[in-house]
Amino acid sequence: MKSIMVINSKGGSGKTTVSVNLAAYCAQKGFQTTLVDLDPQQSSSQWLEVRPASKSKIRGTKNFNKPLKQDKNSIVIYDVPAAIYGAKLVTYIKKANMIIVPVLPSPIDMKAAKAFIQQLRSMGPVIRNKIKVGLVANRCRANTNIFLELDTYLLREKGMKYITAFRDNTNYIKSARTGLGIFEMGESATAQDREEWKPLVKWLELNK
Ligand SMILES: Nc1ncnc2c1ncn2[C@@H]1O[C@H](COP(=O)(O)OP(=O)(O)OP(=O)(O)O)[C@@H](O)[C@H]1O
Ligand SMILES: [Mg+2]
């Protein structure tokens with residue numbers, strides 16, 4: 001079983017967006033996929049509610065301690081709320097094999113992300129050799145100074161892989177509204193997004 005946690009203490013960085021799109025990708029690839037919504041806002045549960053029944057099945061739960069199948073074909077994705085720190089953060093992190101931290105190109109978000117990444121680092125013994133941490137830039141507009149600044153900063157984070165950058169795009173708004181993932185939407189309209197997801201899928205070793 002692969003356990004993937006999407007987390008950043010900063011609100012609105014794209015945790016739910018990444019979680020639901022990843023869940024849709026995994027389900028479509030034939031993995032037995034569980035989406036654990038730990039957020040009282042329940043955005044990913046709401047996304048699941050509108051997901052068409054015709055699409056690949058994703059199991060939804062709000063139960064952090066739900067017993068999960070340990071077989072090779074199972075993937076669990078945790079959508080974590082903002083503002084998780086301290087002991088709770090440690091408890092959460094211990095559930096993960098892999099962590100994705102989405103970060104927005106804005107001075108406030110980058111400052112908050114730096115502090116959050118510092119917290120992850122301070123859990124060295126928890127993370128070392130056990131949990132892989134990947135950073136994803138989200139809602140990027142190419143060739144803007146702030147994106148270049150974020151890009152440079154993420155590249156410098158040692159011991160954590162800067163995986164990819166997702167553009168700011170209405171496909172993600174559409175995905176949120178329809179319960180679909182971008183890999184389930186029109187191929188030409190989502191071609192660039194699919195390309196941007198490739199490094200993440202590869203890093204997570206989800207290629208089948
Ligand atoms: N790449 C993107 N392009 C366009 N819109 C995006 C993108 N990523 C996220 N959004 C939008 O930004 C908003 C915040 O994203 P999301 O809900 O995924 O963040 P979050 O980190 O889960 O927030 P919270 O901390 O409140 O749980 C949503 O309206 C979402 O649709
Ligand atoms: Mg969320």
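The values are calculated or read from the model by the stated rules, or taken from the named source; none is laboratory data. Note that the structure is predicted; figures quoted are calculated from it, not measured. Backbone-built Cβ (ideal geometry, glycine too); neighbour counts: all protein chains shown. We work out accessible area using only protein heavy atoms, side chains counted, and drop any ligands, DNA or RNA first. Shrake-Rupley method; radii C 1.70, N 1.55, O 1.52, S 1.80 Å.
Annotations for the structure displayed:
- In the range 89-134, residue least open to solvent (accessible area, probe 1.4 Å) [restricted to those that are within 15 Å of ligand 1 (Cβ to nearest atom) and not hydrophobic (A, V, I, L, M, F, W, C)]: 102
- Count of the range 135-162 residues which are within 20 Å of residue 19 (Cβ to Cβ) and either surrounded by fewer than 21 Cβ atoms within 10 Å (Cβ to Cβ) or of a type in the set (D, E, K, R) (or both): 4
- Breaking point among (1) free of Cβ contacts under 8 Å to residues at least 24 places away in the same chain; (2) away from ligand 2 (no atom under 13 Å from the Cβ); (3) not small (Gly, Ala, Ser), for residue 109: (1)
- Selected residue [within 29 Å of residue 122 (Cβ to Cβ), at pLDDT 95 or above and over 16 Å from the mean Cα position of the chain (by Cα)] from 41, 28, 32: 41
- Taking the range 163-184 as the range and being open to solvent by 60 Å² or more (accessible area, probe 1.4 Å) and touching a residue at least 60 places away in the same chain (Cβ under 8 Å) as the test, the residues that pass are 176, 177.
- Test result for residue 83, within 13 Å of ligand 1 (Cβ to nearest atom), surrounded by fewer than 17 Cβ atoms within 10 Å (Cβ to Cβ) and not aromatic (Phe, Trp, Tyr): yes
- In the set (1) within 16 Å of ligand 1 (Cβ to nearest atom); (2) part of a helix (DSSP H, G or I); (3) under 26 Å from residue 198 (Cβ atoms), the condition left unmet by residue 12 is number (2).
- The range 44-55, subset of a type outside the set (Asp, Glu) and in contact (Cβ under 8 Å) with a residue 60 or more places away in the chain, residue surrounded by the fewest Cβ atoms within 10 Å (Cβ to Cβ): 52
- Check on residue 66, within 16 Å of residue 92 (Cβ to Cβ) and of a type in the set (Lys, Arg): yes
- Out of 71, 79, 39, one residue alone is free of Cβ contacts under 8 Å to residues at least 60 places away in the same chain and acidic (Asp, Glu). It is 39.
- Selected residue [closer than 22 Å to residue 68 by Cα, within 11 Å of ligand 2 (Cβ to nearest atom) and not polar (S, T, N, Q)] from 20, 36: 20
- Answer residue from the range 15-43, given it is part of a helix (DSSP H, G or I) and closer than 16 Å to residue 207 by Cα and is most open to solvent (accessible area, probe 1.4 Å) among those: 28
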